Amino acid sequence: MNSFNNGKRRATSRGIRVSPFNMIEITVAIGVVAVGMVSLMVLFPIGFNAHRDAIGESYASDLADQVLHVMKYDIQKNWTKVASLPASKPTVADDVRTVAGSTQPFKTSDGAFSNIYTAEKEGGGSTDGYYVEMKTGSMTDFSAQVLVWKSDVNVTLNNSTTWPATTQNKAIGLNMEISWPAGKPYKNREKRCFHLEVFKP
């Protein structure tokens, strides 16, 4: 025999009580699920930005390592190249960098080796550096503006004498700033600086 109590069905013969959901319970459940979904959706842009920044950092450090060592090789092969390097960080116009022509693999002047990045020399304007990009097929994965300049290296020898800093005839510091993506104005780009000391062989 079935009986009804407050709109809920009670199966008294078998001792089983079946209570259907009412609208309030359904509404609360939907609200809880909605709050959870919104919280998850908020995390997606944060994760995407973190992933994008990590990729940029990886490309920048790899680019700095390769290009600085290509330049080190070139300088040690011909120390007179030191004179052509800017003595301070070049000024940069706060504009969007675009490719003026076709880029070529960044390589040593004697063609001994090159890296996977292609580069285009800048100069003659407010900038003096390189536009560098990494491509997969026709898609640009990474594009950056690279500024390079030299600095003094003071080395104290065992007899407490210091190499002259002004002549730079024994060692220089290669400084590099990489800003990316080049498609953004300079002030809005991510920027990282790197340094490598080069000694005359």
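Below are the figures for this structure:
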| read-out | value |
| --- | --- |
| Complete set of residues in region 82-100 that are modelled with pLDDT of 85 or more and either among the charged types (D, E, K, R) or more than 17 Å from Leu147 (Cα to Cα) (or both) | Lys89 |
| The one condition in (1) at pLDDT below 85; (2) in a helix (DSSP H, G or I) that Phe4 fails to fulfil | (2) |
| Residue within region 67-78 that is more than 30 Å from Ser151 (Cα to Cα), assigned to a helix (DSSP H, G or I) and modelled with pLDDT of 85 or more present | no |
| Positions within region 152-171 being surrounded by 11 or more Cβ atoms within 10 Å (Cβ to Cβ) and either outside any strand (DSSP E or B) or modelled with pLDDT of 90 or more (or both), in sequence order | Asp152, Val153, Val155, Trp163, Pro164, Ala165, Gln168, Asn169, Lys170 |
| Top-ranked residue in region 45-66 [being surrounded by 13 or more Cβ atoms within 10 Å (Cβ to Cβ) and of a type in the set (Asp, Glu); ranked as nearest to Lys150 (Cα to Cα)] | Asp65 |
| Test: residue in region 86-101 that is surrounded by fewer than 15 Cβ atoms within 10 Å (Cβ to Cβ) and outside any loop (DSSP other than H, G, I, E, B) | no |
| Unique match (being under 26 Å from the mean Cα position of the chain (by Cα) and either at pLDDT 80 or above or surrounded by 10 or more Cβ atoms within 10 Å (Cβ to Cβ) (or both)) among Met23, Met41, Met37 | Met41 |
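The values are calculated or read from the model by the stated rules, or taken from the named source; none is laboratory data. Keep in mind that this is a model prediction, so the values were computed, not measured. So basically every Cβ, Gly included, is an ideal-geometry build from the backbone, and we count neighbours across all protein chains shown.
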